[in-house]
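To keep things clear, I will list the structure first and then write my remarks on it.
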Amino acid sequence: MVEYNNLVKDNLFETKHGFSYQCDLTNSIIINFGGTIATYKVRDFLIFQRKVNSVAILEMLYDLSDKCDTKLIEATKRNFSRNLTICEIVQLRELLNGTKFSLTLYSMLNEVLSDVLV
């Protein structure tokens, strides 16, 4: 059973607010942020990551109205939909950007190592 669990998921990135891992069986990325679990194909993950990064944090900070205290963040195909505070948006960005970095790093390492082995 231990071998099956290691095959199913590879931990990508972790913060104190959440973690992400890659499922080899479904070829998807699973994000657990604040107890909310969402599954993405790589393409959908990258779209969601860009969407979260496009939130104008500075504008939210300087706007003193109550409507800018939170922002509704929705993902493609509705697997993530939450009103997040500014701090939570920053924490989600950290998790998503770390996950993207790990994916990029693994991809580069795989490319380099496959060239060396051939």
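Would you please name the residue that is surrounded by the most Cβ atoms within 10 Å (Cβ to Cβ), looking only at residues in segment 74-118 that are of a type in the set (D, E, K, R) and in a helix (DSSP H, G or I)? Steps first, answer last, please.
First, pick out the residues of segment 74-118 that are of a type in the set (D, E, K, R): 74, 77-78, 82, 88, 93-94, 100, 111, 115.
Remaining after also requiring in a helix (DSSP H, G or I): 77-78, 88, 93-94, 100, 111, 115.
Details: Lys77: 13, Arg78: 8, Glu88: 17, Arg93: 15, Glu94: 15, Lys100: 20, Glu111: 10, Asp115: 8.
If we take residues in segment 74-118 being of a type in the set (D, E, K, R) and in a helix (DSSP H, G or I), then Lys100 is surrounded by the most Cβ atoms within 10 Å (Cβ to Cβ).
Looking at (1) in a strand (DSSP E or B); (2) more than 15 Å from the chain's Cα centre (by Cα), which is the only condition Ala38 fails?
Single failed check for Ala38: (2).
Which count do you get for residues in segment 74-96 that are without any contact (Cβ under 8 Å) to a residue 24 or more places away in the chain and either under 13 Å from the mean Cα position of the chain (by Cα) or within 18 Å of Lys41 (Cα to Cα) (or both)?
As a first pass, look at segment 74-96 and keep what is without any contact (Cβ under 8 Å) to a residue 24 or more places away in the chain: 74, 78, 81, 83-85, 87.
Going one step further and asking which of them are either under 13 Å from the mean Cα position of the chain (by Cα) or within 18 Å of Lys41 (Cα to Cα) (or both), we end up with 74, 78, 81.
So the answer is 3.
Has segment 79-96 got at least one residue that is closer than 12 Å to Leu12 by Cβ and of a type outside the set (D, E, K, R)? Write out each step before concluding.
So in segment 79-96, the residues closer than 12 Å to Leu12 by Cβ come out as 95-96.
Keeping just the survivors that are of a type outside the set (D, E, K, R) gives 95-96.
Looking through segment 79-96, at least one residue is closer than 12 Å to Leu12 by Cβ and of a type outside the set (D, E, K, R).
Name the pairs: first residue in segment 97-118 and among the basic types (Lys, Arg), second residue at pLDDT 85 or above, Cβ to Cβ under 6 Å, at least 6 apart or on different chains?
Lys100/Gln49
Among residues belonging to segment 41-69 that are of a type in the set (S, T, N, Q) and in contact with a helix residue (DSSP H, G or I) (Cβ under 8 Å, 6 or more places away or on another chain), point out the one that is farthest from Ile31 (Cα to Cα). Before you say what the answer is, go through the steps one by one.
Applying the first criterion (of a type in the set (S, T, N, Q)) to segment 41-69 yields 49, 53-54, 65.
Among the residues that remain, those that are also in contact with a helix residue (DSSP H, G or I) (Cβ under 8 Å, 6 or more places away or on another chain) are: 49, 53.
Working: Gln49: 11, Asn53: 16 Å.
In this case the residue turns out to be Asn53.
Residues are listed down the side, and each one gets a yes or a no for (1) modelled with pLDDT of 90 or more; (2) of a type in the set (Lys, Arg):
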residue: Phe13; (1), (2): yes, no
residue: Thr26; (1), (2): no, no
residue: Arg50; (1), (2): yes, yes
residue: Asp63; (1), (2): no, no
residue: Ser81; (1), (2): no, no
residue: Asn97; (1), (2): yes, no
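Go through segment 16-40 and count every residue that is exposed (fewer than 14 other Cβ atoms within 10 Å of the Cβ) and among the β-branched types (Val, Ile, Thr).
Taking segment 16-40 and keeping what is exposed (fewer than 14 other Cβ atoms within 10 Å of the Cβ), we get 16, 24-27, 34-37.
Among the residues that remain, those that are also among the β-branched types (Val, Ile, Thr) are: 26, 36-37.
Of the residues in that region, 3 qualify.
Exactly one of (1) modelled with pLDDT of 90 or more; (2) assigned to a helix (DSSP H, G or I) is unmet by Val55. Its number?
All conditions are met except number (2).
The values are calculated or read from the model by the stated rules, or taken from the named source; none is laboratory data. Just so you know, these numbers come straight off a predicted model, no measurement behind them. Methodologically, a virtual Cβ is constructed for each residue, glycine included, from the backbone with ideal geometry; neighbour enumeration extends over all protein chains shown.
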